[in-house]
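Below is one structure, written out as structure tokens; comments come after it.
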Amino acid sequence: MSVDTAPRQTAPAPAPKARASRTGSGMVGASQGSRWWLYLVLVVALVAVIAPFVWMVLGSFKGEGELRQVPPTWLPQHASLDNYTQLFSKLNFGQFFTNSIVVAVVVTAGNLVFCSMLGYALAMLDFKGKKVIFVAVMGTLMIPGVVTFVPLFVLVANAGLIDTIPGLFLPFLVSPFGVFLMRQFILGLPRDLLDAGRVDGAGELRIFFRIILPLCGPALATLGILTFLGSWNNFLWPLVVAQSEDRYTLPVALALYSTGQNSTNYGLLLAGATVVIIPILVVFLIFQKRFIEGIATTGLK
Amino acid sequence: MTTVQTGTTGARRRDDSSRRREGRAAWILAIPFCLLFLAFTAWPVIQSLFMSITDTKARDLRHPFSVNVIGLDNFAKALSDPIFRQAAGNTAYFVLVGMPLTLVVALAAAVALDKGIARFRAIFRLGFYMPVITSIVAVAVVWRFLLQDPGGLINTALGWVGITGPNWLGDPSWSMPSLILMATWRNFGTAMIIFLAGLQAVPAELHEAAAIDGAGAWKRFRHVTMPLLRPTLLFVMVTTAIGYLQFFEEPFVMTKGGPLNSTISLSMYTYQQFGFGNYGLASAMSYLIFVVIAIVTAIQFRLLRERT
């Protein structure tokens, strides 16, 4: 559980060996203009991939009766915001939304600060115990969350943190993956920076916070986005820790409503799914380049 | 270790006190991480192994020293439990069908985007990747409606072309294919992005040379692209398998493991045992999942090393 900030995390991908320039490889892509059929296939595939989202958003504006209609409608006949008003007035989704945001922000901040600090120490500094830390942290990179799940629950329970917000975020404040990412990035920075800082008389910590950290923008952005996403979608841990409604995160609330007594209230569930998905989609569309670069270089989703 | 100079600039005269300063600063930077890591990762990993050989139950929470060591009984109990076996079978089904399907779809999409088209590449890439970032719980809720029978969008669409769709989630022989279909839809984007990066590393000159030698598109793909893509392929295979080995949210939301336990997964059954308060047994089950994951990972490293 504590291992992965993003569920189903994976290890670093083998880096592409050579980035061959491939613009104007005329011979290979000679018939590109005439491949209309491929565009057709891709467009059909794209529609199929996107359709569930479109149907979800449109469905969230429909009434119960219309959602049960056979055959199903595509566009809402009488669009209304009733499902959303119910969601936020009757079901307290505002609270769940706030919880999700608070947990994701704290988890992201923790990972950015703590992982970059250790990543820098491992990449550029010499100290006793460095090797031990490195081996221990990297050794847990591949351990799945399910392994630590039960003892983690016992630990958090004994600390009296079940059904509290800190109980939701504490186990995720650091991640081996974050250290790996930051260390790799900082290894690529010139060591001269360190020496220059020392010559100028800057203290060791000052060198990190004032010289190194500002240069880590791209790595911090990648780590931040992936961590936020992982936390926002995280399900198993909040499912067991959040026991009263006030502590639910969005996925927990949605899952419990969809399997509990509201399981037949289709409009409400579709509106709930929309509230879970749309904010992260917006974040994704804004930062999509960074997202996709992050995936391509790390293999993490 | 502390005496080794790792600097590349050379000519760095550093006295003991500056080295001590460096060591102290490093530890100040490392300590917050290390404390959290010890508490929430390292300790639970060890504790989990210990719990798996004890009869820890939920009521032992307050009295951690009252538990009994029972050796490998939990493991034996898990392995002889018919539902655990069924969960293992279901998980194997999910991985062995879902992983190749995800890879084939992802590779087809990646090749089409890499070589096939000249325009709108970014839009397709973005669209295909979109499901990956969404909450599995939320998409499972949506897919439950899409797969409904009758009246679901999928069976309605099949009806247009004259096919009577099955009762996807209600029929034990269709429930798992339904979950695999959804998992493929949600996950192929990641594999596609990694494949695209791999394909871009294949030098265009090789393709041109092969084309001059008269190799057709399929032959070039088979004999030029595929061998160079092998490490990437292997990596994606293993990471996808590891992810699928832990599938949990899909059956939790869509089928509750049913009908007739046809979709109960290892993670979900472990979670259920945890829910019943059987902490020792649940730990043993989680370690069994971990062992399978470790084996899959080891095979990957083995295969990768053979190549390079």
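Structure above, values below:
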| quantity | calculated |
| --- | --- |
| Residue ID - farthest from the other protein chains (Cβ to nearest Cβ), chosen from residues in the range A:102-130 that are crowded, with 24+ Cβ neighbours inside 10 Å and of a type in the set (F, W, Y) | A:Y120 |
| Hey, A:I292 modelled with pLDDT of 90 or more, over 30 Å from A:A159 (Cα atoms) and either of a type in the set (V, I, T) or touching a strand residue (DSSP E or B) at 6+ places or on another chain (Cβ under 6 Å) (or both) or not | no |
| Residue list for the range B:64-123, filter: part of a helix (DSSP H, G or I) and farther than 30 Å from B:M237 by Cβ | B:P64, B:F65, B:S66, B:D73, B:N74, B:A76, B:K77, B:S80, B:P82 |
| Residue ID - nearest to the other protein chains (Cβ to nearest Cβ), chosen from residues in the range A:62-101 that are closer than 20 Å to A:T264 by Cβ and crowded, with 18+ Cβ neighbours inside 10 Å | A:P72 |
| Verdict on B:A110 being in contact with a Leu (Cβ under 6 Å, 6 or more places away or on another chain) and within 13 Å of another protein chain (Cβ to nearest Cβ) | yes |
| A:A255 among the aliphatic types (A, V, I, L, M) and in contact (Cβ under 8 Å) with a residue 40 or more places away in the chain | no |
| Leading residue by the ranking (farthest from the chain's Cα centre (by Cα)) among those in the range A:221-259 that are modelled with pLDDT under 90 and β-branched (V, I, T) | A:T259 |
| Those residues of the range B:276-300 which are assigned to a helix (DSSP H, G or I) and more than 8 Å from chain A (Cβ to nearest Cβ), in sequence order | B:G280, B:L281, B:A284, B:M285, B:L288, B:V291, B:V292, B:I295, B:V296, B:A298, B:I299, B:Q300 |
| Residue in the range B:98-109 that is small (G, A, S), farther than 20 Å from A:F235 by Cβ and crowded, with 19+ Cβ neighbours inside 10 Å present | yes |
| Residue count for the range A:131-149, restricted to those that are more than 7 Å from chain B (Cβ to nearest Cβ) and assigned to a helix (DSSP H, G or I) | 6 |
| Residue among B:D73, B:D55, B:D81 that is within 30 Å of B:S178 (Cβ to Cβ) and acidic (D, E) | B:D81 |
| Residue in the range A:260-281 that is of a type in the set (A, V, I, L, M), more than 29 Å from A:T73 (Cα to Cα), under 24 Å from the mean Cα position of the chain (by Cα) and assigned to a helix (DSSP H, G or I) present | no |
| Checking A:L161 against (1) closer than 29 Å to A:F291 by Cα; (2) outside any helix (DSSP H, G or I); (3) touching a helix residue (DSSP H, G or I) at 6+ places or on another chain (Cβ under 6 Å), the condition it does not meet | (1) |
| Qualifying residue in the range A:293-300 (condition: more than 9 Å from chain B (Cβ to nearest Cβ), free of Cβ contacts under 8 Å to residues at least 12 places away in the same chain and of a type in the set (S, T, Y)) | no |
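So that you can scan it fast, the table gives a plain yes or no per residue for (1) modelled with pLDDT of 95 or more; (2) part of a helix (DSSP H, G or I); (3) closer than 30 Å to A:A255 by Cα:
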| residue | (1), (2), (3) |
| --- | --- |
| A:G24 | no, no, no |
| A:A51 | no, yes, yes |
| A:F61 | no, no, yes |
| A:F88 | no, yes, yes |
| A:D126 | no, no, no |
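The values are calculated or read from the model by the stated rules, or taken from the named source; none is laboratory data. Quick caveat, the model's predicted, so the values are computed rather than measured. Here the Cβ is made from the backbone with ideal geometry for all residues, glycine too, and neighbour counts use every protein chain on show.
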